[in-house]
1. Please specify each residue of the stretch 90-107 satisfying the condition of being within 18 Å of the chain's Cα centre (by Cα) and either among the basic types (K, R) or farther than 28 Å from D8 by Cα (or both).
2. Residue under question is H79, and the condition is that it be surrounded by 12 or more Cβ atoms within 10 Å (Cβ to Cβ) and either touching a helix residue (DSSP H, G or I) at 6+ places or on another chain (Cβ under 8 Å) or more than 25 Å from A5 (Cα to Cα) (or both); does it hold?
3. Give the residue that is surrounded by the most Cβ atoms within 10 Å (Cβ to Cβ), with candidates limited to residues of the stretch 23-57 that are assigned to a strand (DSSP E or B) and of a type in the set (S, T, N, Q).
4. Could you tell me whether any residue of the stretch 99-116 is surrounded by 10 or more Cβ atoms within 10 Å (Cβ to Cβ), modelled with pLDDT of 95 or more, of a type in the set (D, E) and closer than 20 Å to T6 by Cβ?
5. Does any residue of the stretch 65-73 turn out to be polar (S, T, N, Q), without any contact (Cβ under 8 Å) to a residue 40 or more places away in the chain and surrounded by 18 or more Cβ atoms within 10 Å (Cβ to Cβ)?
6. For the stretch 62-109, please list each of the strands (runs of 3 or more DSSP E) lying entirely inside it that holds at least 1 residues being of a type in the set (V, I, T), out of contact with any Asp or Glu (no Cβ under 6 Å at 6 or more places or on another chain) and within 22 Å of V34 (Cβ to Cβ).
7. Which members of the stretch 4-58 meet the condition of being under 24 Å from D90 (Cβ atoms), more than 15 Å from the chain's Cα centre (by Cα) and free of Cβ contacts under 8 Å to residues at least 40 places away in the same chain?
8. Please pick out the residue among V19, V9 that is modelled with pLDDT of 95 or more and either within 26 Å of N115 (Cβ to Cβ) or among the β-branched types (V, I, T) (or both).
Amino acid sequence: MTCWATDDVIIKHRYKGGVHATHNNTATAGKSIVTGHLHSLKVTPYADYNGNRFGVDTGTLAEPYGPQFSYGEDNPLNHRSGFAILTFNDGKLLWPELVHKWDEGQVEFRGQIINV
């Protein structure tokens, strides 16, 4: 399943895999791509002759070491709790922002710790 937010921004579960997926997603597709498959919560910018675009992984809203990730076999996971915020100006995606779980009941956003 794929959601085309605009002609230049695609949202889907996964496209490319592996640790460099966000880079490979946007580099090979020629579009900004937002995925969640890695659970890693990161933004990778990419620029070429077409301008700037982004590979985004939205992280997970779950606890990274919760029972839903037992398939990780107690190995270290590069998962982070949080989500991405996409803002558009005149239909163009601005640099995606991340909200990261800092501690229980707290998130990190725009250089501040916010109680939630």
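The values are calculated or read from the model by the stated rules, or taken from the named source; none is laboratory data. These figures come from a predicted structure and were not determined experimentally. Using ideal geometry, Cβ is built from the backbone for each residue, glycine included, and neighbour counts are taken over all protein chains shown.
1. K92, K101, W102, V107
2. Numbers: surrounded by 12 or more Cβ atoms within 10 Å (Cβ to Cβ): yes; either touching a helix residue (DSSP H, G or I) at 6+ places or on another chain (Cβ under 8 Å) or more than 25 Å from A5 (Cα to Cα) (or both): yes.
The answer is yes for H79.
3. This residue is S32.
4. No, because not a single residue in the stretch 99-116 is surrounded by 10 or more Cβ atoms within 10 Å (Cβ to Cβ), modelled with pLDDT of 95 or more, of a type in the set (D, E) and closer than 20 Å to T6 by Cβ.
5. Of the residues in the stretch 65-73, the ones polar (S, T, N, Q) are 68, 70.
Still in the list and also without any contact (Cβ under 8 Å) to a residue 40 or more places away in the chain: 68, 70.
With the extra rule that they be surrounded by 18 or more Cβ atoms within 10 Å (Cβ to Cβ), the set shrinks to none.
No, every residue in the stretch 65-73 fails to be polar (S, T, N, Q), without any contact (Cβ under 8 Å) to a residue 40 or more places away in the chain and surrounded by 18 or more Cβ atoms within 10 Å (Cβ to Cβ).
6. Per the criteria, 97-103, 106-109.
7. W4, D7, A29, G30, A47, D48, Y49, N50, G51, N52
8. That would be V9, the only listed residue that is modelled with pLDDT of 95 or more and either within 26 Å of N115 (Cβ to Cβ) or among the β-branched types (V, I, T) (or both).
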